[in-house]
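Scroll down for the structure; my scribbles are underneath it.
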Amino acid sequence: MLFNPLKTNNEIFITNYGINFTKIVNSVMNMGVKIAKNRISEFLDYLRRRYVLYAPIEKDGISKIGKIESVSEIAFLPYRTKISVKPIFFPPEEKFFKFQKKDGWFELEDYLLQIDEEEKAIFGLRGCDVRALEVLDRYMLSEFQDPYYRKRRENTLIIGLSCDYPRESCFCTAFGGMIPNRYDLWFTDIGSHYFVDIGSEKGRELVNSEFFEEATKEDEAKKIRKINTVEMEINRRTKIDLCEIKKCAQEIKKKANDPIWEELGKLCLSCGKCNFVCPTCHCFDVKDVTNIDGSEGERIRAWDSCHLYEYAKTSAENFRKERKARVRYRIYDKFVFPVMRYGVYACTGCGRCNEVCPAGINIRDVLRRLIS
Amino acid sequence: MKIGIFSLSCCEGCSVQFLNLEEKILDLLKHFGIENFRLAKEYNEMPVDIAFVEGTPTNREEILKLLKIRKDCNVLVALGTCAVTGGVSAMVNTMSKKEAMEVYGGFPPEMPVDPKPLDYYVDVDYHLYGCPFSKEELMELITSIILGKKYKDKEYSVCVECSLRENNCLLDQGYLCLGPITRGGCKALCPSNGKPCLGCRGPYEDANIKGHIKVLQDIGFSKEEIIEALSLFSYEKLKEVIGWLKEE
């Protein structure tokens, strides 16, 4: 069944991946709670003791989501991290198994068993990242199940945080705004407190702890005002109207021979950076790395990029030899193919690709030109 | 199998890199006999199965030596940047003969030839890029030869490996980095340590060199600076583009 991410109908969202992006109870019914800012570190410490806590950290000017040993490491950023949450569930290089020759046979040692079965709690995720996880779940856990991804992804608690102001390249309002449809808890800064939306049963259990207090109508109004202000700011910077998902995909599909691809092909340097920072890109290459006589080695999965020359190289031919074809493929793989397959965009408007592109290709401008 | 390591005009850094393999060289010796290695052996023999040739011929004698090596080996591997692109030696091609002679204070006893990549003279089976070449790639190549696998050149840029290491982009910080056009495989050694890529591995086939020149110009580098950077390691490979840039 196709669904529209912009029209929230929670029932349709509940897919049977078995993953506890826990069922939304009824977000309208929640009165919501709030937590005082000076108690937040206590709450996070409480979380850290119950779960393996992940949160934004900043080091050498690079912000990412990382494992937290002590609460003081957490960076409270006003906007999304530079590197997405993807590497936590789908690392750049993953060892599948080790093989070793013994008496003419190969003995395998599966690294899947070594992945910790930990209960994760991720604090400080933004809407773009949470939406990206939904998309990744579709690719990795629906038709074909990826056990390595699954093991990491299971038992993950999502505690989101609304942005205080957007980064230059953000455009999440085109995909439904800052608050996604599925989460466990969602924090929004309303001055002296964080307003907390409850999105699941697990979230409700957490909220029952001592740190939270009942929110008033006024707090909720403040939260709505806050969200609206930031979203208006994003819209002011970049307004892209992608609302009619199927129509939009059709529109973009028609532009297969548009001169824009030729132009972009000349600009693009095929460095693959946009793929690596994208929270929904999931292509990979599998290779065997052995010792000199092949008697032992490892099978490794490494990220791949559709911008690279070798990506579409087969034994017979390379069917995306030209750079413009590769540039087009990436845009199509975000806005056309996933719509045809799953009924969603595989872009969440985080704008990371705009930020890193050395050639200055801006996906917002590309989209605007394609749709108009 | 017998292997030989041969030097033409170069700094012999790649030969030293062979010795830098350290304990892996013992693994190597289980499968190969090193029959010819001027830097490490007193008695050298021919023919060999695999010839690793570093450097680039700069006179007639060396060209003949290269042709003889090609005749006496099954597999010829161009070792390091000088052998692959002409390397630093080929920078001399950017200036006139007369200018170059002045460096040595007069004419050399034998007339030198323009440094060119080995491909220009003989068929080369494999290339190992870098200044010096990467040890991992050498082991990869040797493993492929032993196991009968196909060895593939890396058809992607240093940028790929650099961004996988989550480095801050040096282009953004205003450095003249040649990462986007340089062949990957070095695990982005220089950019990871805060130094921009000089392009020692040479451009890869699919590189969008004109696109990168535009990016560099947008950052604010002059034509001369870009030409200097491009001709440091790969003048012979990028001759056309450099000519185009000069005229533009």
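Laid out as a table, the results:
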{"item": "The one condition in (1) among the aromatic types (Phe, Trp, Tyr); (2) more than 14 Å from every other protein chain (Cβ to nearest Cβ); (3) assigned to a loop (DSSP other than H, G, I, E, B) that residue B:233 fails to fulfil", "result": "(3)"}
{"item": "Out of B:45, B:35, sole residue that is surrounded by fewer than 18 Cβ atoms within 10 Å (Cβ to Cβ) and either out of contact with any His (no Cβ under 7 Å at 6 or more places or on another chain) or in the same structural domain as residue B:24 (by TED's automatic domain parsing) (or both)", "result": "B:45"}
{"item": "Wholly enclosed strands (runs of 3 or more DSSP E) of region A:116-204 bearing at least 3 residues of a type in the set (Phe, Trp, Tyr)", "result": "none"}
{"item": "Among the candidates B:163, B:144, residue that is among the hydroxyl-bearing types (Ser, Thr, Tyr) and either buried (at least 21 other Cβ atoms within 10 Å of the Cβ) or part of a loop (DSSP other than H, G, I, E, B) (or both)", "result": "B:163"}
{"item": "Members of region A:350-365 found to be more than 14 Å from chain B (Cβ to nearest Cβ), surrounded by 21 or more Cβ atoms within 10 Å (Cβ to Cβ) and in a helix (DSSP H, G or I), listed by number", "result": "A:363"}
{"item": "Test: residue in region B:108-117 that is surrounded by fewer than 22 Cβ atoms within 10 Å (Cβ to Cβ) and in contact with a strand residue (DSSP E or B) (Cβ under 8 Å, 6 or more places away or on another chain)", "result": "yes"}
{"item": "The lone exception for residue A:109 - which of (1) in a strand (DSSP E or B); (2) in contact with a Pro (Cβ under 8 Å, 6 or more places away or on another chain) it fails", "result": "(2)"}
{"item": "Among residues of region A:298-321, those that are more than 9 Å from chain B (Cβ to nearest Cβ) and closer than 20 Å to residue A:108 by Cβ, counted", "result": "4"}
{"item": "Qualifying residue in region A:332-349 (condition: within 14 Å of chain B (Cβ to nearest Cβ) and out of contact with any strand residue (DSSP E or B) (no Cβ under 9 Å at 6 or more places or on another chain))", "result": "no"}
{"item": "Residues of region A:333-349 that turn out to be among the acidic types (Asp, Glu) and assigned to a loop (DSSP other than H, G, I, E, B), as a count", "result": "0"}
{"item": "Meets criteria (farther than 19 Å from residue A:173 by Cα and touching a Phe, Trp or Tyr at 6+ places or on another chain (Cβ under 9 Å)) for residue A:342", "result": "yes"}
{"item": "Residues being among the aromatic types (Phe, Trp, Tyr) and either out of contact with any Lys or Arg (no Cβ under 7 Å at 6 or more places or on another chain) or away from chain B (no Cβ under 14 Å) (or both) - total across region A:225-284", "result": "2"}
{"item": "Residues that are touching a His at 6+ places or on another chain (Cβ under 9 Å) and at the interface with another protein chain (Cβ under 8 Å from one of its Cβ atoms), drawn from region B:126-155", "result": "B:142, B:146"}
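Results for (1) at pLDDT 85 or above; (2) part of a loop (DSSP other than H, G, I, E, B); (3) surrounded by 13 or more Cβ atoms within 10 Å (Cβ to Cβ), shown as yes or no for each residue.
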position	(1), (2), (3)
B:41	no, yes, yes
B:51	yes, no, yes
B:65	yes, no, yes
B:73	yes, yes, yes
B:76	yes, no, yes
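The values are calculated or read from the model by the stated rules, or taken from the named source; none is laboratory data. Computed from a predicted structure; not experimentally measured. Using ideal geometry, Cβ is built from the backbone for each residue, glycine included, and neighbour counts are taken over all protein chains shown.
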